[in-house]
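Right, I'll just put the structure down here and ask away after.
The values are calculated or read from the model by the stated rules, or taken from the named source; none is laboratory data. Just so it is clear, the model here is predicted, and its values are computed rather than measured. Note that each Cβ is placed from the backbone with ideal geometry, even for glycine, and that neighbours are counted across all protein chains shown. In case anyone asks, the SASA skips ligands and DNA or RNA and just uses the protein heavy atoms, side chains included. Shrake-Rupley method; radii C 1.70, N 1.55, O 1.52, S 1.80 Å.
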Amino acid sequence: MKKILAFSGSNSSSSINQALVKYTPKIIDDASVQVNVIDLTEYQAPFYSSDIEQAEGHPENILKLKALIDSYDGFIISLPEHNGSFPAFFKNTIDWLSRTGMKFLGGKPVLLMSTSPGKNGGRTVLEHAAGIFPYLGANIVAKYSLGEFQKNLVDGELINEAEAKLLQDATNKLKAGVREATNVA
């Protein structure tokens, strides 16, 4: 069975990006694919500092997260947009993870997503992340942006049919990427 790890880059308890991540496995209707959603706040670490790294090594939570990442075949990552980039919380997480090995995503397939209350749906953070993630070992197979979150994802369901089709297409690309990557290895 192929395994996909899903999480958002938010540390907000009311994160709409985490809500999108929790919804997405519902449309991956495939018995050969298991999607596990985690809350990245369970892996918090102090702000990265080379002094901390030198004195204390890698935080235990980061090592646990790295081991978890290593055990999966692909990823769904939804990023909130903070001033055109991702939140400091997420940047700190990837800074620490990159210290365990720069390409910590291991060349595995990634579906990058974002959502926001506005029409743009966080597209700016997706473009920013798409430029950075390959350096972290991501094989970005699809991107998906959901604008007007509160209008489109209601009571845990994506009610906009056109958006549902776009998300289905993106998850199909991720599933294909997971199968291809696994067959190559």
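Apply 1/(1 + (r/R0)^6) to the Cβ-Cβ distance of D51 and E148, taking R0 = 35 Å, and write down the FRET efficiency to the nearest 0.05.
My answer for the efficiency is 0.20.
Output ³J(HN,Hα) for segment 71-85: one whole-Hz value per residue in order, computed from phi by the Karplus curve 6.51 cos²θ - 1.76 cosθ + 1.60 with θ = phi - 60°, and x for Gly and Pro.
3J(HN,Hα) across segment 71-85, in whole Hz: 8, 10, 9, x, 9, 10, 10, 10, 10, x, 9, 10, 6, x, 9.
If you don't mind, there's one more thing I want to ask. Give the calculated FRET efficiency between N172 and Q44 to the nearest 0.05, with a Förster radius of 41 Å applied to their Cβ-Cβ distance.
It comes to 0.80.
Same structure, new question: What does DSSP give for the chain in terms of the percent of beta bridges that are antiparallel, rounded to the nearest 5?
Once the DSSP bridges in the chain are tallied, antiparallel ones form about 10 percent.
Okay, next question. Please label the shape of segment 1-121 as rounded, prolate or oblate, based on the square roots a ≥ b ≥ c of the eigenvalues of the alpha-carbon gyration tensor (a/c under 1.5 means rounded; beyond that, a/b larger than b/c means prolate, else oblate).
It is oblate, given that a/c is not under 1.5 and a/b is not larger than b/c.
Indicate, rounded to the nearest 5 percent, the antiparallel portion of the DSSP beta bridges found entirely in segment 1-99.
10 percent
Taking the simple approach of a point 7 Å from Cα along Cα-to-Cβ for both A162 and M1, what is their distance in nm?
Result: 3.7 nm between the two label points.
Ok, one more. Please list, ordered by chain and number, the residues whose modelled amide H lies under 5 Å from the amide H of S8; skip anything fewer than 5 residues away on the same chain.
The list, which skips near neighbours in sequence, is L40, S78.
Sticking with this structure for a sec: Full extension from T124 to D29: what is 0.36 nm times the residue separation minus their Cα-Cα distance, to one decimal in nm?
Stretched out fully, the T124 to D29 stretch lengthens by 31.3 nm.
Summarise the accessible area of the chain (1.4 Å probe, protein heavy atoms) by the percent that is carbon and sulfur.
Whole-percent figure for carbon plus sulfur exposure: 50.
Between S14 and E60, what FRET efficiency follows from the Cβ-Cβ distance if R0 is 41 Å, with the result rounded to 0.05?
0.90
Still on this structure, I have one more. Would you kindly derive the ³J(HN,Hα) couplings of segment 27-32 from the backbone phi angles with the Karplus curve 6.51 cos²θ - 1.76 cosθ + 1.60 (θ = phi - 60°), listing them in order in whole Hz, with x for Gly and Pro?
Rounded to whole hertz, the list is 9, 8, 8, 8, 5, 8.
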